[in-house]
Amino acid sequence: CCLNWDKQETGYRTLALEQLLTTGGGWQDQYGGLFEGIKLLDTSPGNQQIPRVKWLPDTLFCDPLYKQQMLLYYTGITRVAKNILGEIVRGMFLNSRSHLAILEEMKQHTEQTYEAVLQKDFQRFAQKIETSWKLNQKLDMGTNTAEIQQIIDKIHPYMLSQKLLGAGGGGFMLIIAKDKDAASRIKNILQQNPTNRRARFVGFEVSKTGLQVTKS
């Protein structure tokens, strides 16, 4: 629209729009999509949330040996994140000791995951995915629904870890298989016994450009 917004400005205006829509959303999702590659984002406290970006090498996600063990599965299950976020933010404003402790643990966990990717330590990365899933559940007990647990139970013997992506209790699931054969078994199990008609595996690549807008 010839508004001359850079990526920082676009992200900030997205945050403002989310607040106007009362979704309670934060800043991280839009910046994750706007900026290319694998990165660590952090900000300082305050109304002006301008993230600092630390880019990571993408070798862990592009190495054929490890890439075949990482699966992205669309569960076909959707859940509005608004209520989840509302409860979390409410706990923060009320200085809930349990909420604040989990959020601090998440911060430390993020930095540890950053180091695992930096060192291309696949096994440690898989462990951090599992830890992230446990922390999500500690923050919101409703994250792991009965439908999601059914998926996990089916593939549990063949995976190192998994987690749902985003705040909702559905959508996309990142699965780390034990090896190449285990990845094939996981695919066969979920393709032969899908959760619903929308469920499917999705190929994914590390974005080299971030968000691109085109017009024709």
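Listing for the model above:
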{"item": "Set of lysines near residue 7 by C-alpha distance (under 20 Å), chain-local residues within fewer than 8 positions excluded", "result": "39, 54, 208, 215"}
{"item": "FRET efficiency, residue 74 to residue 17 (Cβ-Cβ, R0 45 Å, nearest 0.05)", "result": "0.95"}
{"item": "For the stretch 40-51, Karplus couplings with θ = phi - 60° (6.51, -1.76, 1.60), whole Hz, Gly/Pro x", "result": "10, 10, 8, 9, 9, x, x, 6, 7, 8, 10, x"}
{"item": "FRET efficiency for residue 146 and residue 98, using Cβ-Cβ distance with R0 set to 35 Å, rounded to 0.05", "result": "0.90"}
{"item": "Electrostatic dipole magnitude of the chain [Cβ: Lys, Arg +1; Asp, Glu -1; Cα centre; debye, to 20]", "result": "440"}
{"item": "The stretch 107-216: radius of gyration and largest Cα-Cα distance (Dmax), Å", "result": "15.6, 48"}
{"item": "Vicinal HN-Hα couplings computed from phi for the stretch 30-39 (Karplus, 6.51 cos²θ - 1.76 cosθ + 1.60; Hz; Gly/Pro x)", "result": "5, 6, x, x, 5, 8, 6, x, 9, 8"}
{"item": "More than 17 Å apart - percent of Cα-Cα pairs taken over the stretch 5-70", "result": "51"}
{"item": "The chain, relative contact order [Cα under 8 Å, separation at least 6], %", "result": "28"}
{"item": "Local net charge near residue 171, Cβ-Cβ under 13 Å (Lys/Arg +1, Asp/Glu -1)", "result": "+2"}
{"item": "Amide H contacts under 5 Å for residue 211, placed H, 5+ residues apart", "result": "34, 35"}
{"item": "Accessible area (Å², 1.4 Å probe, nearest 10) - residue 67", "result": "60"}
{"item": "Fraction in percent of alpha-carbon pairs per bin - 5 Å, the chain", "result": "1, 6, 12, 17, 19, 18, 14, 8, 4, 1, 0"}
{"item": "Amide hydrogen neighbours beyond the local backbone of residue 56, cut-off 5 Å, H modeled", "result": "38, 39, 40"}
{"item": "CD proxy at 222 nm, helix term only [per DSSP H run n ≥ 4: -39500 (n - 2.57); per residue of the chain; nearest 500]", "result": "-15000 deg cm²/dmol"}
{"item": "Using a Förster distance of 41 Å, the FRET efficiency for residue 216-residue 53 (Cβ separation, nearest 0.05)", "result": "0.85"}
{"item": "Local electrostatic count at residue 126 - Lys and Arg +1, Asp and Glu -1, tallied over other residues with Cβ under 12 Å", "result": "+1"}
{"item": "Amide hydrogen neighbours beyond the local backbone of residue 159, cut-off 5 Å, H modeled", "result": "178"}
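The values are calculated or read from the model by the stated rules, or taken from the named source; none is laboratory data. No experiment lies behind these values; they were computed from the predicted model shown. Cβ coordinates were reconstructed from backbone atoms using ideal geometry, including for glycine residues, and neighbour counts include every protein chain displayed. Side chains are part of the model used for accessible areas, which takes the heavy atoms of the whole protein and leaves out ligands, DNA and RNA. Shrake-Rupley method; radii C 1.70, N 1.55, O 1.52, S 1.80 Å.
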